[in-house]
1. Would you tally the net charge around B:Q185, using a Cβ to Cβ cut-off of less than 12 Å, leaving B:Q185 out, and scoring K and R as +1, D and E as -1?
2. Could you state how much accessible area is buried at the A-B interface, both sides summed, with a 1.4 Å probe, in Å² to the nearest 100?
3. Could you name the lysines whose alpha carbon sits less than 18 Å from that of B:K303, not counting residues in the same chain fewer than 8 places away?
4. Would you mind telling me the share, in percent, of accessible area of chain A contributed by carbon and sulfur at probe 1.4 angstrom?
5. Could you please state how large a percent of the accessible area of chain B is carbon and sulfur, counting protein chains only and using a 1.4 Å probe?
6. Just going by the charge dipole of the protein assembly as shown, with Lys and Arg at +1 and Asp and Glu at -1 on Cβ, which of A:S163, B:F141, A:H11 is farthest out on the positive end?
7. Relative to the Cα centre, what is the charge dipole magnitude of the protein assembly as shown, using +1 at the beta carbon of each Lys and Arg, -1 at the beta carbon of each Asp and Glu, and rounding to the nearest 20 debye?
8. First select every other residue whose beta carbon is under 10 angstrom from the beta carbon of A:A167; then total the charges, Lys and Arg +1, Asp and Glu -1.
Amino acid sequence: MAPEFKAIADHALLVTFADEISDSAHGAVLALDAALGAAPPEGMIETVPAMVNLLVSFDPIVTDHDAIKTHVQGCLRATIEAPSAGTSRIVQVCYDAPFSPDLEAVSAATGLAPESVIQAHLAGDFRVLMYGFAPGYAYLSGVAKAIQVPRKPAPVRDVPAGSVIIAGPQCLVTTLTMPTGWSIIGRSPTAILTGDADHPFLFDVGDRVTFERIDAATFAKLNKAGADG
Amino acid sequence: MAEAAFTVAFAGPLVTVQDAGRPGHMRFGVPASGAMDRLAFDAANAALGNESGQTGIEISLGGLILQCTQGPVTVAIAGGDFTVQLGSQKTRSWTVLTVQKGERLSITAGKAGSWAYLAVAGRIMAPEWLGRQATHSTSGFGGGALQTGQTITLSDASLREDRLGDIRKPDFQASGPIRVVTGPQDQHFAKETVARFLSDSFTVSDAYDRMGMRLKGPELPLAGALSIPSEPIVRGSVQVSGDGVPTVLLADHQTTGGYPKIATVISPDIDRLAQYRAGQSLRCVEITSAQAVAEARSYALGKADYLAEVSVARGTLAQRLMRENLNHGCVFD
């Protein structure tokens, strides 16, 4: 896939593989991200993988757009192997009231019984596409077609951290109390912001995610353990 | 080593603990944060002889009033043109002074500028997140926002009498229009829209915080699809929302977003842009990415020279009086 290169100000290069979201474009982003991680060019500060492109930020005192571009082109010529499958991560989720205020609405919109909505969500094939919006907000692809619903017309305020929310083909586990226009179908005690200095975020981009159903009593126990820890 | 302590008698909104920021976590949704005006922040630390990036306090137009409950300690205040009052002594930002136990230090909005920095001869005790004390304002992670009534404790507090007095303001920064490189999503705008963005004047709106600065001016309509895939954002990205209004993303920016970015402010112009206030007008001018790199390098050299000069101690009181006598050609008796 031949990417397009765009200079961003004095300190970054945006490498874009496609205009539209696709598995192959995201695969190319992950492959380049891995290649640059393994062999970073001099002066590179960080890379930011997104849906169809990768940002490469650099120190303009040390290097420039052309040198970064040349290095990226070298990586693209060298990496033909598919990106790694990603690590599998488990996220626990309680779908019981009061943690699933939009379950009924999703049920009404899709014509599925609430229990079928839950089963369809659990059966999803989730992959971490990118982070954005706020710290630890990992956008997961893979919501089953049967329960894909659009965003609400207006966001709801003060949605608690840990909410499991869906919109279209995407799912996300929130990490902060924030507004959202997505549908809230459950609550998770699993910490995405782990508090572990060596591994502060649960997912890497490209990881696979499986949701595991828990009941309200288990949620209460795990959530308390997390808060105490 | 000595401790010093302040009670926060008053803190306006968005008065936060900041340091040089935490680069390297954008892939996890975490922007670098750190001081909005990095030059003024660095100058305040340099004026005390602190190491670069030492934690200080960023003061918004809301202002900050501190009551010293344990001291003394020497502090530096830089950035904008804020009003500074220590006891009955009234001065302005760009100054180094010593605060004694029982004294009240107030730093409030003055004639110009949106942000001032308080650096201290000591270490501010505040929470870290991902190894840094910089506050990410939307989450509150890091050192945090100061709250009226709280206590700020400094360890290793010291007196630095050889550093008292005015801090020379930087004069190497560019003035005039804010320099931008167009893109990276300028293809989502008609040519005339990009031309209008580069020729018309915009006003800073009230919607200005650590995440970004919304501008008022001519509408910048998006050509075609609004729903582009979410793409990475940097500090300085000028994002245009569906209603055609541009916002310059700043220290606590989102790391990705689905609105197209018409242009990106070059890093040497972000500190001076951050000091604009609501109601002030500005214009943008286009430069090439190669020129932007050259400007970033010359800015870095200018900044290094400036900070090196500011970080030189002025000497003891006797030495300073002697030097000033010589300079002014009069005799001290």
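1. On the way: positive: A:K6, B:K261; negative: A:E4, A:D19, B:D186, B:E231.
In short, -2.
2. Working: alone 11600 and 14860 Å², together 23340 Å².
Buried surface at the A/B interface: approximately 3100 Å².
3. Cα-Cα hits under 18 Å: B:K169.
4. Working: 5460 of 10060 Å².
That fraction is 54 percent.
5. Numbers: 6890 of 13280 Å².
Accessible surface attributable to carbon and sulfur in chain B totals 52 percent.
6. Result: B:F141.
7. Numbers: 44 positive and 56 negative charges, 196 e Å.
In total the dipole reaches around 940 debye.
8. Working: positive: A:R151, A:K152; negative: none.
Once all neighbours under 10 Å are counted, the net charge is +2.
The values are calculated or read from the model by the stated rules, or taken from the named source; none is laboratory data. Since we're looking at a predicted model, the values are computed, not measured. Cβ atoms come from the backbone with ideal geometry, glycine included; neighbour counts cover every protein chain shown. SASA here: full protein model, heavy atoms, side chains in, ligands and nucleic acids out. Shrake-Rupley method; radii C 1.70, N 1.55, O 1.52, S 1.80 Å.
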